[in-house]
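A.B. asks: First the structure, then my questions, so here it is.
The values are calculated or read from the model by the stated rules, or taken from the named source; none is laboratory data. Because the structure is predicted, anything quoted here is derived from the model rather than measured. In this analysis, Cβ positions are derived from the backbone assuming ideal geometry, glycine residues included, and neighbour counts consider all displayed protein chains. The accessibility values were calculated without ligands, DNA or RNA, using every heavy atom of the protein model including side chains. Shrake-Rupley method; radii C 1.70, N 1.55, O 1.52, S 1.80 Å.
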Amino acid sequence: MSAEAIVTAIAARMRDLREARGLSLQDVADRAGIAKSHVWQIEQGKSANPTIATTVGIARALGVSLDYLAGLSAAQPDLHPEALRIACEVDALLRGRPPALSSAKD
């Protein structure tokens, strides 16, 4: 799959997922940690080379895998999108916590 095809897939899936979940551009921007204008640019296909960090943030914000968002996989997650988004946020918080607070299992 070409880079252009991936950008096109990201734009289309992003828009479809955002609308299906009833999210605004600002909602996705807040969840992904990027500017609303950047979300709009990516969704419109005007950002030809979004960073991996940005794309991962958008995928997490929408509750899908990066593969699915990029059109490389047709498999959607089994979890409810909001449950997956929350799980990703909790995972990020747990991974970022100070080592002194980590349990012995870490």
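A.B. asks: Per residue, what accessible area does the range 1-51 have, given a 1.4 Å probe and all protein chains present, in Å²?
C.D. replies: Per-residue accessible area for the range 1-51 comes out at 57 Å².
A.B. asks: Which ³J(HN,Hα) values in Hz, rounded to whole numbers, follow from the phi angles of the range 17-30 under the Karplus curve 6.51 cos²θ - 1.76 cosθ + 1.60, where θ = phi - 60° and Gly and Pro get x?
C.D. replies: Coupling constants for the range 17-30: 5, 4, 5, 5, 8, x, 9, 8, 4, 5, 4, 5, 4, 5 Hz.
A.B. asks: So, one more: Mind listing the phi-derived Karplus ³J(HN,Hα) values for the range 35-52, rounded to whole Hz, using 6.51, -1.76 and 1.60 with θ = phi - 60°, and x for any glycine or proline?
C.D. replies: For the range 35-52, the Karplus-derived couplings read 6, 4, 5, 5, 4, 4, 4, 5, 5, 8, x, 8, 9, 6, 8, x, 5, 4 Hz, x marking Gly and Pro.
A.B. asks: Can you compute the modelled spin-label distance between Ala53 and Met1, with each label point 7 Å from Cα toward Cβ, in nm?
C.D. replies: The modelled label-to-label distance comes out at 2.4 nm.
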